[in-house]
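Before any comments, here is the structure.
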Amino acid sequence: RLRVNENYEPSNCIWATKKQQERKRNKIRYSLYDRWRNMMFRCENICDINYGSRGIEVTAPLDNFKTYYEYVLSLPKPEGFDFSARFHLDRIDNDGNYQVGNLRWVTVKENLENSRNPKNNPLLKKEA
């Protein structure tokens, strides 16, 4: 049986909201860590024809996750932004490195339009 607490008030449930906030922060942290780890792998892999073999690098200070995390959180975010797969970190100069000043948050469509060959992208052809 559940015991009913006569002093129950939603404002007494601070623990629940703190736990929810902590889970949200962890979800953001792990999402960004996965993006950072994949970025590092692509650029360090010389067999990757789109990144490593083209000479695309991750320059300091973004080669350190802590500084990467702080930097990408400080970037301006598009309207309706959340840390889902609907938003990507994009290199403004597609031939440039992952470096401070060359990253921005964009929608998937904007990211596809900024690819090296957007005309051949089947996802963009469907919308046209």
Can you list the aspartates and glutamates whose alpha carbon sits under 15 Å from that of residue 24, skipping same-chain ones fewer than 8 residues off?
82
Once ligands and nucleic acids are excluded and a 1.4 Å probe is used, how much of residue 57 is accessible, expressed in Å² to the nearest 10?
100 Å²
Collect residues whose amide H, placed 1.01 Å from N in the peptide plane, falls under 5 Å from the amide H of residue 104; neighbours closer than 5 in sequence don't count.
90, 92
What does the accessible area of residue 109 come to, in Å² to the nearest 10, when a probe of 1.4 Å is used?
90 Å²
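The values are calculated or read from the model by the stated rules, or taken from the named source; none is laboratory data. All values reported here derive from a predicted model rather than from experimental measurement. Ligands, DNA and RNA are excluded from the accessible area calculation, which covers all protein heavy atoms including side chains. Shrake-Rupley method; radii C 1.70, N 1.55, O 1.52, S 1.80 Å.
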